[in-house]
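Read the figures in this text as sums done on the coordinates, not as results from a lab. These numbers were taken from a predicted model, which means no experiment stands behind them. Note that each Cβ is placed from the backbone with ideal geometry, even for glycine, and that neighbours are counted across all protein chains shown.
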Amino acid sequence: MSILIETLKGKKTKTPIWLMRQAGRHLPEYIKIRQKYKDLMEMFLDPEVITEISLQPVKRYGLDACIVFSDILMIPYASGCDVGFKEGMGPQVKFNEKFKFESHKLDPVTKGIENIKTISKIPLIGFVGGPWTTLSYCLFDKEERSQMNKDLIYKNEKRIDNYIDDLTDIISNYAMQQVNAGIDAFQIFESAAGDLDDYLFEKWVVNPTLKIVKEIKSKSDIPIIGFPRNASTSGYRNYSFINQLDCICLDYNFNLQQLDLLNPNISYQGNLHPKLLLNGGDEMDKELEEILLAFRDYPHIFNLGHGVLPETPIKNVERLVQKVRNN
């Protein structure tokens, strides 16, 4: 069993490392492929591209996990929404109120997973966006998301309530698609969790995640990682006690002195600031040592508190991996 899976199952091992957004914009081998396509969605629907890009950072850095090259907006795409990823504009979603999931539209993703498992023994992580985060992309435009506030959210509470349960079921189904294709672990990215107050966090993040985890675990023993990015301390605490959740991923704002508030019976993942990896040097090394020290008594996967930034030098990632391995 790999050290990643052992860690996810609660065993204290030598610290495994992988990085969110490890496959992508900072790698020249990725950029070379990206330049051939006008829209990222074409790449997300090509099994050969999924396979090659997913494995690029593993080949370059010798990381302990591979994550499927995909996006959290694949579910809206497969549910009749018009989803595009134009260069320099970020994701754009034209919402379809009928929102009917057609799983066959994501067969290229499952084929990509099957391909990766055929040629690599590295643990493969599949993922989805959490229900709230996925809906936030569907119901709010880029400007609204960047200025998300309590009034805007509560104004749309009923509308969100109308979709959240169905979306939770869809996410569970898509998770099992990935499990059946061969993934070894699964992560739920609730990237917009920090936009919600404690009441709505419980309603739209904790409760749906509980249902998703329960559904997956009723059919599989695959380890599940949850990432409620920028949640409050109480939010992180409540999330960490979700029944059968195996691991909680911590963002870079989480105060590691408050680790003892969280569920002591799960594993942890995180939480270096991507800007420290971007800058490298002594400052990165110092924070890296502090993170490893904070988690010395816990099962811990080293990762960032968000994704790798596009301008990150390859030498900094190499240095990070080497220092985690040598610790």
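A few comments on the model shown:
- Full-stretch length increase - N162, E290 - with 0.36 nm per residue and alpha-carbon distance subtracted: 41.7 nm
- The calculated FRET efficiency for the pair N96 and Y199, based on their C-beta separation and a Förster distance of 25 Å, comes to about 0.30.
- In this structure the amide hydrogen of Q187, modeled in the peptide plane, comes within under 5 Å of the amide hydrogens of G126, F127, V128, I225, none closer than 5 places in sequence on its chain.
- Residues T118 and N253, FRET efficiency given R0 of 41 Å [Cβ-Cβ distance, rounded to 0.05]: 0.55
- Alpha-carbon centroids, region 1-40 and region 99-145: separation in whole Å: 15 Å
- Taking a ≥ b ≥ c as the square roots of the eigenvalues of the Cα gyration tensor, an a/c ratio below 1.5 marks region 3-326 as rounded.
- DSSP-loop trypsin sites (Lys or Arg not before Pro) across region 262-299, with at most 15 other Cβ within 10 angstrom: R296
- Relative exposure of D195, D46, judged by other C-beta atoms within 10 Å (fewest first): D46, D195
- Extending 7 Å from Cα along the Cβ direction at D107 and again at K219 yields two label points whose distance is 1.8 nm.
- Rounded Å value of the spacing that divides the Cα centres of region 177-247 and region 258-299: 20 Å
- Given charges at Cβ of Lys, Arg, Asp, Glu: region 157-212 dipole, positive-most of V179, F201, I212: V179
- Neighbour count of at most 16 Cβ within 10 Å plus DSSP loop: longest GluC sites (Glu not before Pro)-free window in the chain: 103-310
- Cα gyration tensor, region 166-210 - rounded (a/c under 1.5), prolate or oblate: prolate
- Gyration tensor (alpha-carbon) shape descriptor, region 1-110, a/c threshold 1.5: oblate
- Nearest-0.05 FRET efficiency for K36 and F241, computed from C-beta distance (R0 56 Å): 0.75
- Qualifying trypsin sites (Lys or Arg not before Pro) in region 59-119, DSSP loop, other Cβ atoms within 10 Å at most 13: K98, K100
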